[in-house]
1. Quick one: which residues, 5+ away or cross-chain, put their amide H under 5 Å from the amide H of residue B:48? H built at 1.01 Å from N.
2. Within segment B:66-117, list the trypsin sites (Lys or Arg not before Pro) lying in a DSSP loop whose Cβ has at most 12 other Cβ atoms in a 10 Å radius.
3. What are the chymotrypsin sites (Phe, Trp or Tyr not before Pro) within segment A:1-103 that DSSP puts in a loop, where the Cβ has at most 11 other Cβ atoms within 10 Å?
4. Hey, what D do you get for chain A in µm²/s if you plug the Kirkwood alpha-carbon radius into Stokes-Einstein at 4 °C and 1.567 mPa s?
5. What is the dipole size for chain A, taken about its Cα centre, with +1 at each Lys and Arg Cβ and -1 at each Asp and Glu Cβ, in debye to the nearest 20?
6. From the backbone phi of segment B:151-157, what are the Karplus-calculated ³J(HN,Hα) couplings (6.51 cos²θ - 1.76 cosθ + 1.60, θ = phi - 60°) in whole Hz, Gly and Pro given as x?
7. Could you give the longest part of chain A that holds none of the trypsin sites (Lys or Arg not before Pro) found in DSSP loops with at most 14 neighbouring Cβ atoms within 10 Å?
8. From the phi of every residue in segment A:231-238, what ³J(HN,Hα) in whole Hz does the Karplus formula 6.51 cos²θ - 1.76 cosθ + 1.60 yield, where θ is phi - 60° and glycine or proline is x?
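Laboratory data are not the source of any read-out in this text; all were calculated from the coordinates shown. Being a predicted model, the structure only gives us computed values, none of them experimental. All Cβ positions, glycine included, derive from the backbone under ideal geometry; neighbour counts span all protein chains shown.
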Amino acid sequence: MTTMRQSVFWNKVNRVLLYLVIAILFIVVVFPFYWMIVTSLQPQDVVMNVPPELWPRHATFQNYIDAWKFAPWLRYFGNTLFVAVASTLISLATSSLAAFAFACIDFKGKEALFNLVLSVMMIPAATTLIPNFLIIRTLGWYDTFYALIIPFAASVFGIFLLRQYFMSMPKELWEAAQIDGASRLRYFRSIALPLAKPAIVTIAINSFLGSWTSFLWPTVVTQSQNKQLIEVALNTFLGDNSQQWAQLAAASVFTTIPIVILFFFVQRQFIEGIGGGGIKG
Amino acid sequence: MDSKLTPAQRKKVIRDNVAGWLFTFPSTLVLFVFTFLPAFVVIFLSLFDTNLVGKMDFVGLGNFRELLGSGDFWGSVLRTLYFAAGSVPVAVAVSLLIAVLLNAKVRGRTFWRMGFFIPYITPLVATSIIWLYIFNPGFGMLNAALHFVGLPPSRWLSDTVSAMPAMILYSTWHDIGFAVIIFMAALSKVPTELLEAAQIDGASGWRTFWHVTWPMISPSTYFVVIIYTISAFKMYTQVAVLTQGGPVDSTTTTGYYLYQQAFGQMRFGYASAVSIGLFVIIFLLTMLQRKVTGRKVFYG
C-alpha cells in the first residue's frame, strides 16, 4: 500500500515538474514577443533605462502614432497584400491545373515532363538570384509588381502535393464523369478541386506566408517607395530610426500582427502540413 | 498513332494530349523561365567579369580560380559551418526536449505548441528588430539578465567574438518551432507497445528513451540536422538586419557573402561562381540527406 501511495505521490511530483519545465521553456520562447509589446508602449526615454522596466507603468500609444506617421504604411500593407494574394491565387491555379494533368490525363511525354518539373527542387533560390535579377531586367520588369509575382506563379511543391491528392481519388469517379459527358475542365473544377481542399489550404498558407515575409528578392528587384513590401519597408524604417526603440517596437508589432492573426486561424492545417499529418492538436 | 483505334478513341487521344500539354503549360513556362533558364544563365555569367550594365569580359574559369583561392569565400564557408555547428545541436536538443514534454499527454498541448511554433512564422525583420534591442550592450534585456544572475555583460552583436553566438541564439529561437513539429510527429509514430514492453522489462524512462525512442526517431533527427544546415548556407535576412555581416566580417556567412559580392560590389560574374559553389554545397547536403532519410526536400 505504501509503495503505491508513494508512486502516486511521485507521479504527481513528476506532473508538476513536467508543467514547470514546459512553462519555463514557453516563457523563454514567447518572451521576445512580450518584450516587443511592452517596449512599444513605453515612453522613449524609459526604453533606455538600466535595468529595463518589465511592465509599462506609463503606457502610451504615442509610439504607434509616431511610427505610423513616419512612412506610408497603408501603401506597404496594400502592396504586400496584393502581391501575396496575387501570387497565391496564380500559383494555386497553375499548380492545380498541372497537377491534375499529371495525375489524371494521359499525354505524350508526361513522365519526362514531370521528372523535369521535380528536378527543379534541386536548384535552390540562392543559386538563381543573380540570373533572375538579369532576367527580370531583360523582361523590363525591374521595379514592377510583375517582378514580385510572376516568378512565384508556379510551385513545384504545390504540383507535387496536389498530384498526390488527385491520384488518390477513385478512378471510377473520373470515368463516371466522362460517361456523363463532363469535360476535363468541368470535372477538374467541380469534383477534383473541392476534394483537394486540404492540400490547397496548405499550399495557399505557404505561398501567402512566403510573400508576406519575403525580403531578399524584393530588395533586389524593386526600388521605388510605391512598390515596397512590408518587410523591406520595416528594414528601411530601422535604418532611419536606429535608436528609436519604442517606435521600432511599435512598427514591428503592427507589421507582425496580420501574420499572427492569420496563423491563429490556420495553425492546425499549417502545422499538420509540416508534420505530415502525424500529429493531432 | 495506333491505326486500330476507332475514330472516337483517336479523338480522345488527341484531346488528352492537347489538354495535358495545355494544363501543364503555365507552370512549365514559369519554372522554365525562372528556374531552368537561370541555372544555365548562372553558369554563363560565371565565365565573365561583369557588372551587368556594360562591362562584360570573358575570363574563362578565372572566377572559379579566384573562388577556390579566396580566403573570403572559404572564410564565409567556415563561418557558416561554425553557425551550423553552434545552432544545430542546440536546436535538436531543445526541440526534442520540448516535443517529448508535449507528447507526455499534457493539457493545453495546442496552446503550448502554438507558443513554441510562433517565432517560426513571424517575419525575420520584425523579430530581428526586437532582438537588436534585447542584444543592446548598454540597456538590453540580455545583459540585464546576465547582471541579475551575477555574470559579466557581453557586447553581443558589436563584438567579433560574440556576434556569431548572438546570431546563433537569435536564429535558433526563430527556427526552433519547425524542429518541434517534426519531432512531435516522429514521436507520435513510435509504437506504444514498444515503449510499454521496455517498461515491463524494467527499463527506466531514460533507458527507454535512449534504446527505443531515439533510434526510432533517428530519420527525423537526420532530416532536421540537414535541413537546418542547408538553411544556414541560405541564410541572409537576419544577417542583413542584425549585423550586415560585421563586425569585421565575423558574421559574413556564404549566403550573405554571395549577396555582398553581387549587389554590393557589383561583381556579378564572380558572385555567379559563388552561387555555383553554394549550389554544390547544398546539392551534396541534399544527397546526403536523401541517402540517409529518403525524404524529399522542397526548397523555398
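1. Residues meeting the criterion, in which the H sits 1.01 Å from N, are B:59.
2. Of the trypsin sites (Lys or Arg not before Pro), the ones in loops of segment B:66-117 whose Cβ has at most 12 other Cβ atoms within 10 Å are B:105, B:107.
3. Answer by residue number: A:61.
4. Taking Rh from Cα pairs, D becomes 56 µm²/s.
5. Dipole size: approximately 620 debye.
6. Coupling constants for segment B:151-157: 9, x, x, 10, 8, 6, 5 Hz.
7. A:109-279
8. In residue order, the calculated couplings are 5, 5, 4, 5, 5, 5, 4, 4 Hz.
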